[in-house]
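Right, one structure below, let's go through it.
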Amino acid sequence: MPRVGPGSPEPLGVTLTEHGVNVAVFSAHAHAVEFCLFDALGETEVERITLPGLSGSVFHASIEGVTAGARYGLRAHGPWAPHAGHRFNAAKLLVDPYARALDRPFALHPSMCGEAGDGADGDLDSAPFMPKGIVVPAPAVTAARRPQVPWSETVIYELHVRGFTKLHPGVPESLRGTLAGLAHPAAIGHLTRLGVTTVELMPVAAAIDEPHLVRAGLSNYWGYNTVGWGVPAPRLAPGGMAELRATVDALHDAGIAVVLDVVFNHSGEGDASGPTLSLRGLDNATYYRTLPDAAHRYVNDTGCGNTLAFEREPVMALVLETLRRYATDAGVDGFRFDLAPTLGRRGHRFDRAAPMLTAITHDPVLAELKLIAEPWDVGLDGYQTGGFPAPWGEWNDQYRDAVRRFWRGDAGVTGELATRLAGSADLFASQGRTPSRSVNFVAAHDGFTLADLVSYAHKHNEDNAEGNRDGTDANYSWNNGIEGPTADPQIREARQRDARALLATLLLSRGTPMLTMGDECGRTQRGNNNAYAQDNAISWLDWEHADAAMTAFTAALIRIRREHPALRADRRLHGRSLDASGIADVEWRRLDGQVMTHDDWTSAVTRTLIAVLYEDSNRLLVALHGDDRAADGRLPLPREGHQWHLLVDTSRDVPVLEPASALDTDVLRFAPRSVLLIAEQR
């Protein structure tokens, strides 16, 4: 029998000691907490040990004889009283929220659900079907070889680890679909050839499938339904945190930074009918925000069934410990926070100075990393684009929508497009934030792919088994004449032209550009704009049919952006000279070369946007011609002593001119729906 002593209330979780383990579990409302040991296979429970120590709201014990590799779980005893916010049920084995490893993926089972005392599922022991924590030593902390990519030079590539590697012919089959596969030179080689500086990994933490997906025979492919926040998902990282660290190191060696997409706003325990897996069974009333009604229903600002209570210290402690662990143990370079306004709520209102946001922003480990918010959730006061603290970057959906609407042909959006192209000062400048904090994108994992954006006027989510009701209807997409696949060469070419124009707009804009996986390859999801449940060829990157020309075009745009300060300078445009040259940092021109007037900005017929940019002796002309008709424009730049070269023309089959083509006229020829980039050489 193990020898049990009171142990220490710190640190929370299970910590290896010289003679065994220290166990510390927070619960402000439990009567008792048990540490449950299992056999080497994690199948049979061999012992339950009641934690004898209690310091404040932390139950704790020292237990001799427990060694690395031991399988364990927790059980909490307390009232089943939903009317008071309590949902204790000792029949449910619970995952330690501070666990460092799990022995298997989560797989939903009826025994995980139900109410205590119902004589049915609620009284079933869930232990045979639950993942078990694995006792592992804290890794030796070694400094990460971070690339230290400045915001102004950052180009983000959002990817799903499984989807990126599952069909990659250069990755060994045994590694496909895993983080180790992403670390393979064949996978990293694509990223380096593309020229991106940063990968944003969609969630890699342990998650569970929602009940409605299990009933439909589907799974949560995206992974936005976390349970074990600090545990890399066993399916994606069979080697756990060490595998994640090895992948991060491999990407760092290639000069690529790593940002993790993290999901703290809700947990995979869902609403009151969902499974009891961890926080619900440990202390539901503390960890979750509930409504003050007879049933203490969950606040659902996330649209996922529950919302964590970030104004409470135990929740803050869990989040900060998890983030620090990924920063130190895995060496990541930053985080993208899903539904981030949830972290900043005081009651029902968002506050950029809320305790959780302040703690993250000023944490000594996290403050030097990139922090990126998805700045909306579905609750009251949930739309907060531009509202986060000064160091943070934010996904800019207003950029996405303005670019899409302009190229779709919507009237009256040219003025807004100019604001977005210039870095969205209307959203970010009030806090002194620079353009780089606007994370610009035209497509992301949530929504149409780039190829589908120009091929489908409507979503086609029938495979999600929700009657095509899921996913947004506000796509601002177009199909160029036929919905979906076509053999018509004219329509196919029109779609290619539009995709090139969208990519060029993105990479020639001020701000931080974000590409999503496969858009540089022409990836399609067959019109599905919410492919979260499609762990199959709909979501995986089809390397065999990748569009090599589009990939080369994207890489060339990234290179051009890197070479020209006027495209990536991280400061606001003012329309006046800021150095001794006397040249304005931006001039907005009409097709006839004259300066844009107020009426031009607001006119429904203005379909061409011309910006002449200047930064650090680098002068460029960026022209977006959204009209379906060709046009001639005047080059509003001096000719004597200057030579102008055409670098990019998206209307051409080979849109990047190498070498650049010297211009011998001040008349620009705009093909229908095209982007031109022209550079001055002195």
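The values are calculated or read from the model by the stated rules, or taken from the named source; none is laboratory data. Note that the coordinates shown come from a computational prediction; the quantities given were computed from them, not determined experimentally. Cβ placement follows ideal geometry from the backbone for every residue including glycine, while neighbour counts extend to all protein chains displayed. Please note that ligands, DNA and RNA were not included when accessible areas were found on the heavy atoms of the full protein model with its side chains. Shrake-Rupley method; radii C 1.70, N 1.55, O 1.52, S 1.80 Å.
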- Query: Hey, with R₀ at 35 Å, roughly what FRET efficiency would His31 and Leu320 work out to, going by the Cβ-Cβ distance, to 0.05?
  - Reply: 0.80
- Note on the structure: Mean 1/r over distinct Cα pairs of segment 366-494, inverted to a Kirkwood Rh in Å, yields 16.6 Å
- Message: Taking the 0 to 90 degree range and rounding to the nearest ten, how far is the long axis of helix 489-507 tilted relative to the main principal axis of the chain, both from C-alpha atoms?
- Response: 80 degrees
- Consider all pairwise Cα distances in segment 285-344 and report the whole-number % of them above 15 Å. 58 percent
- Over the chain, the sum of -39500 (n - 2.57) across DSSP H runs of at least four, divided by residue number and rounded to 500 deg cm²/dmol, gives at 222 nm -5500 deg cm²/dmol
- Rg/Rh (Cα only; Kirkwood hydrodynamic radius) as it applies to segment 489-543: 1.02
- Query: From a point 7 Å beyond the Cα of Arg562 in the direction of its Cβ, which residues of segment 220-256 have a backbone N at a distance under 17 Å?
  - Reply: 251-256
- Note on the structure: Cross-link reach from Lys132 to lysines, straight Cα distance under 24 Å and at least 8 residues apart if same chain, gives Lys92
- Would you mind checking the radius of gyration and Dmax of segment 159-229 based on alpha-carbon positions, in Å? 14.0, 42
- For segment 93-159, divide the Cα radius of gyration by the Kirkwood radius and give the resulting Rg/Rh value with two decimals. 1.26
- What full-extension length gain, to one decimal in nm, is calculated for Ser57 and Glu544 as 0.36 nm per residue of separation minus the Cα-Cα distance? 169.7 nm
- Message: Report the Cα-based extents of segment 210-331 along its three principal axes, largest first, to the nearest Å.
- Response: 56, 38, 22
- Give the residues of segment 274-310 whose amide nitrogen is closer than 16 Å to a point set 7 Å from the Cα of Tyr383 in the direction of its Cβ. none
- Let me know the Rg and Dmax you get for segment 154-197 when you use only its Cα atoms, in Å. 10.1, 32
- Surface per residue (accessible, 1.4 Å probe) for the chain, Å²: 37 Å²
- Task: Would you work out what percent of the accessible area of the chain, with all protein chains in place, is carbon or sulfur (probe 1.4 Å)?
- Result: 52 percent
- Message: Between segment 234-292 and segment 1-55, how far is it from one alpha carbon centroid to the other, in angstrom?
- Response: 22 Å
- Task: Please sort 69-75, 622-628, 450-456 by packing, taking for each peptide the average over its residues of neighbouring beta carbons within 10 angstrom, highest first.
- Result: 450-456, 69-75, 622-628
- Task: Figure the gain on full extension for Asp653 and Gln594 (residue separation times 0.36 nm, minus the Cα-Cα span) and round it to one decimal in nm.
- Result: 18.2 nm
- Message: Suppose each label sits 7 Å from its Cα in the direction of the beta carbon; what would the His83-Ala474 distance come out to in nanometres?
- Response: 4.1 nm
- Quarter of the Cα convex hull surface for segment 565-656, i.e. its orientation-mean projected area (nm²): 7.3 nm²
- Message: P(r) for segment 91-229, please, calculated from all Cα pair distances in 10 Å bins and given in %.
- Response: 10, 27, 33, 19, 9, 2, 0
- Query: Quick one: what does P(r) look like for segment 159-282 with 5 Å bins over all Cα pairs, in whole %?
  - Reply: 2, 11, 19, 22, 17, 12, 8, 5, 2, 0
- Message: From the convex hull of the Cα coordinates of segment 58-170, what is the mean projected area in square nanometres?
- Response: 13.6 nm²
- Set the Förster radius R0 to 22 Å, insert the Cβ-Cβ distance between Thr67 and Val46 as r into 1/(1 + (r/R0)^6), and round the FRET efficiency to 0.05. 0.95
- Message: Using only the alpha-carbon atoms of the chain as identical scatterers, what base-10 log of I(q)/I(0) does the Debye formula give at q = 0.05, 0.06, 0.08, 0.10 Å⁻¹?
- Response: -0.26, -0.37, -0.63, -0.94
- Kirkwood hydrodynamic radius of segment 508-567, Cα pairs, Å: 13.3 Å
- Here D for segment 327-417, in µm²/s, from Stokes-Einstein with a Kirkwood Rh over Cα pairs at 4 °C and 1.567 mPa s, works out to 89 µm²/s
- Query: Mean 1/r over all different Cα pairs, inverted: what Kirkwood radius does segment 484-609 give, in Å?
  - Reply: 18.0 Å
- Message: Quick check: the angle from helix 240-253's long axis to the longest principal axis of the chain, C-alpha only, nearest 10 degrees?
- Response: 20 degrees
- Cα-Cα pairs in segment 1-54 separated by more than 18 Å, as a whole percent of all pairs, come to 35 percent
- On full extension of the chain, what length is gained from Val214 through Asp363, given 0.36 nm per residue of separation minus the C-alpha to C-alpha distance? 49.7 nm
- Considering only the other residues whose Cβ falls under 10 Å of the Cβ of Trp540, what net charge follows from Lys and Arg at +1 and Asp and Glu at -1? +2
